[in-house]
Structure formats: structure tokens, C-alpha cells
Amino acid sequence: MRDGVLIIDKPAGMSSAQVVGRVKKRFQARKVGHAGTLDPFATGVLVCLMNKATRLAQFLLRGRKQYQAVLHLGVVTDTQDPTGRVIDSRPVPDFSEEDLQQVFRQYAGTVEQIPPAYSALKHKGVALYKLARRGQAIQKPARSVHIERLEIVAVALPEVHFTVTCSAGTYVRTLCADIGQALGCGGHLRALRRTMSSGFGIDEAISLEALNRAMADPQLPVPLISPGAALRDMPALRADGDVAAKIKTGGKLDVKDFTDLPHDATVMKNGEQGTCYKVFDRDTQLIAVVSVDWQNETIAYRGVFV
């Protein structure tokens with residue numbers, strides 16, 4: 001039984017669930033999940049979580065994403081991507097790069113975005129895309145997303161190639177549809193490749209074909225990341241023998257249990273409520289994730305891995 005995180009370079013034409021199924025079968029794992037869906041037509045970083053590492057999803061789903069994308073102007077589809085039905089076609093003006101840049105700049109920063117009707121969001125327990133396919137399109141209210149960086153890298157009208165770094169929950173196809181509408185000719189997302197998700201880059205990803213070869217040949221490494229190493233941006237604490245034993249039995253914790261927890265007045269006064277820490281035992285194994293309430297000097301379990 002292996003616990004850890006595997007970064008897959010998802011191929012086009014497969015759903016995220018199908019990739020997870022392949023990984024589960026190849027490793028004969030008890031449980032496999034992922035931290036952020038990619039549409040079937042999209043490629044790139046899919047963060048797969050195996051066995052106990054599935055408990056990390058709550059911490060990894062909130063991480064920022066980075067994509068390479070292609071906006072196709074002049075063609076609007078009902079799904080905002082190439083899998084949908086064309087519902088409008090318009091001529092594309094001979095935009096200059098400055099024309100395009102001016103509109104793209106409007107979508108940098110915090111913007112309001114209406115989730116697409118064809119999405120995995122749910123309405124009364126049913127995925128929106130299932131309702132849309134039945135002719136019952138549901139429009140969710142707009143929500144705020146953050147576009148950290150939006151950069152045009154090539155223009156070959158009617159296509160615009162760009163990169164985007166954004167918060168979790170951002171729909172790049174909706175971004176394309178919104179930009180197309182702002183330009184007056186409409187548009188849709190033609191191609192998408194995720195190059196970073198929750199701190200994991202495409203350079204760490206392995207294809208399904210390479211994974212099959214590595215699993216069949218003991219001489220080839222399988223790039224499985226341990227649960228503790230996967231929480232890259234989370235500060236760490238060490239648990240001595242008594243505290244580790246307390247965690248393994250679900251005992252109550254407080255801030256005095258950890259000698260490496262900062263106790264100075266500034267941190268305790270200004271520390272964010274609910275700050276999370278990953279906890280390692282003496283063997284450097286991740287045994288828990290905890291959150292600290294500085295006001296009350298208490299510690300709550302957010303996940304236990306023993």
C-alpha cells in the first residue's frame with residue numbers, strides 16, 4: 001500500500017476520473033482521488049492522491065493554477081470550449097496586438113465570473129452539466145476569482161495564445177468567452193494545458209505510458225511524492241514521542257505540546273486564526289495536519305495520517 005501524490009500529465013480525450021482509474025488499477029491502490037478536475041479535451045498537470053494522501057485534497061484544492069490556453073475568436077459554443085455546439089459565428093476584425101492587450105488587461109486582478117452551465121458545480125445535488133444536457137441550464141450567481149497574471153504570447157487571428165495564473169475556481173473557458181464578448185466578436189477556449197497546480201509543475205509530471213514502463217521495470221523510478229513533502233507551503237512541526245503517541249490515540253493537543261511552535265507575542269497576536277501546520281514524528285513521517293487558534297492557544301486536528 002503506497003501513500004503519496006503522483007503528478008500525471010493528463011492526455012487529451014480522457015476524463016480526470018478515467019486517469020484516476022488507470023492509476024488506481026496500476027498501483028492496485030485502495031483509494032485514489034485527484035486535486036482539481038481537468039476537462040477531457042484539456043491536458044497537463046493532474047494531481048493524483050493515493051490511499052491516505054487522499055486526505056490532503058482539502059489543502060491542495062485551494063492552490064493556484066497556471067495554464068497555457070488558446071482563445072478562438074469569432075465562434076461561440078454553448079459549452080465555451082471545442083466540445084460544444086456552435087451557437088454563434090461572427091467575423092473577426094483585424095485586431096492589433098494593442099487592441100487585444102487593452103481588453104486582456106481588464107481581466108487581470110480580482111474579477112467577477114459567472115460559472116458556465118456546463119460545469120461540475122452542483123444544483124440540488126446534480127452536476128450542472130448533466131442538467132444542461134437535459135435542456136435545464138442553470139445559471140449560478142457570479143463569484144469573485146483572482147487572475148494573478150494574464151499574458152498574450154502569440155497572435156494568429158482568429159486565435160490568441162496566452163498564459164494565465166489564477167486562483168482555484170477560475171474557469172479559463174469562461175475567461176475566453178468573456179474576452180470574446182468584450183471584443184465584440186465572441187470566442188471560445190480551443191485548447192488548454194495546465195502547467196501548474198497547487199505548487200506542482202508540469203516538469204514533475206509523468207505520462208501514463210511512462211508510468212506503465214516505470215511500474216514494469218524496477219530500475220525506473222516512480223515519482224511518488226510523500227504526503228508530507230506534498231504540503232510544500234505549509235510550515236512543519238515535530239512531535240516528540242509522547243505527543244506523537246497522543247496524536248495516534250486522538251488525544252487533545254495544545255500549543256505547549258510543540259517546542260518548535262513560535263510563541264512570541266507578535267506571532268500570537270497577529271497569527272492568522274486557523275493557521276495550519278503539518279506534524280512529523282521522529283521518523284519524519286507525516287502523522288497529522290493541525291490548525292492553531294492563537295487566541296485560545298488551542299490546536300485542532302485537520303487530518304490524521306496514522
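The values are calculated or read from the model by the stated rules, or taken from the named source; none is laboratory data. The shown structure was predicted, so the numbers you read here are calculated from the model rather than taken from an experiment. Glycine gets a Cβ as well: all are built from the backbone with ideal geometry, and neighbour counts include every protein chain shown.
Data table
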{"read-out": "Out of ARG85, ARG55, sole residue that is more than 23 Å from PHE162 (Cβ to Cβ) and assigned by TED's automatic domain parsing to the domain that holds GLY186", "value": "ARG85"}
{"read-out": "Residue ranges of strands (runs of 3 or more DSSP E) in the range 40-87 with at least 2 members polar (S, T, N, Q)", "value": "65-73"}
{"read-out": "Residue in the range 267-289 that is basic (Lys, Arg), surrounded by 13 or more Cβ atoms within 10 Å (Cβ to Cβ), modelled with pLDDT of 90 or more and under 14 Å from PHE305 (Cα atoms) present", "value": "yes"}
{"read-out": "Selection status of LEU237, in contact with a Cys (Cβ under 8 Å, 6 or more places away or on another chain), surrounded by 13 or more Cβ atoms within 10 Å (Cβ to Cβ) and either part of a strand (DSSP E or B) or in the same structural domain as GLY36 (by TED's automatic domain parsing) (or both)", "value": "no"}
{"read-out": "Selection status of ALA35, outside the structural domain of LEU224 (by TED's automatic domain parsing) and either in contact with a helix residue (DSSP H, G or I) (Cβ under 8 Å, 6 or more places away or on another chain) or surrounded by 21 or more Cβ atoms within 10 Å (Cβ to Cβ) (or both)", "value": "no"}
{"read-out": "LEU261, sole failed condition from (1) more than 22 Å from LEU49 (Cα to Cα); (2) modelled with pLDDT of 90 or more", "value": "(2)"}
{"read-out": "Flag for ASP257 being loosely packed, with under 13 Cβ neighbours inside 10 Å and within 26 Å of VAL289 (Cα to Cα)", "value": "no"}
{"read-out": "Qualifying residue in the range 293-301 (condition: modelled with pLDDT of 90 or more, surrounded by 13 or more Cβ atoms within 10 Å (Cβ to Cβ), in contact with a strand residue (DSSP E or B) (Cβ under 8 Å, 6 or more places away or on another chain) and within 24 Å of ARG2 (Cβ to Cβ))", "value": "yes"}
{"read-out": "The range 196-211: number of residues that are hydroxyl-bearing (Ser, Thr, Tyr) and surrounded by 18 or more Cβ atoms within 10 Å (Cβ to Cβ)", "value": "2"}
{"read-out": "The range 24-39, residues that are part of a helix (DSSP H, G or I) and either basic (Lys, Arg) or touching a His at 6+ places or on another chain (Cβ under 8 Å) (or both)", "value": "LYS24, LYS25, ARG26"}
{"read-out": "Candidate set: the range 175-216, residues that are under 23 Å from the mean Cα position of the chain (by Cα) and assigned to a loop (DSSP other than H, G, I, E, B); chosen: the one farthest from ARG64 (Cα to Cα)", "value": "SER207"}
{"read-out": "Residue check for ASP88: among the charged types (D, E, K, R) and either within 21 Å of SER15 (Cβ to Cβ) or in contact with a Phe, Trp or Tyr (Cβ under 9 Å, 6 or more places away or on another chain) (or both)", "value": "no"}
{"read-out": "Selection within the range 192-245 - over 30 Å from VAL290 (Cα atoms) and of a type in the set (Ser, Thr, Tyr)", "value": "SER207"}
{"read-out": "Residue list for the range 88-109, filter: part of a strand (DSSP E or B) and closer than 30 Å to VAL47 by Cα", "value": "GLY109"}
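Listed here are the residues, each with its yes/no results for (1) surrounded by fewer than 13 Cβ atoms within 10 Å (Cβ to Cβ); (2) at pLDDT below 95.
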site	(1), (2)
VAL20	no, no
GLN28	yes, yes
ALA57	no, yes
ALA69	no, no
PRO93	no, no
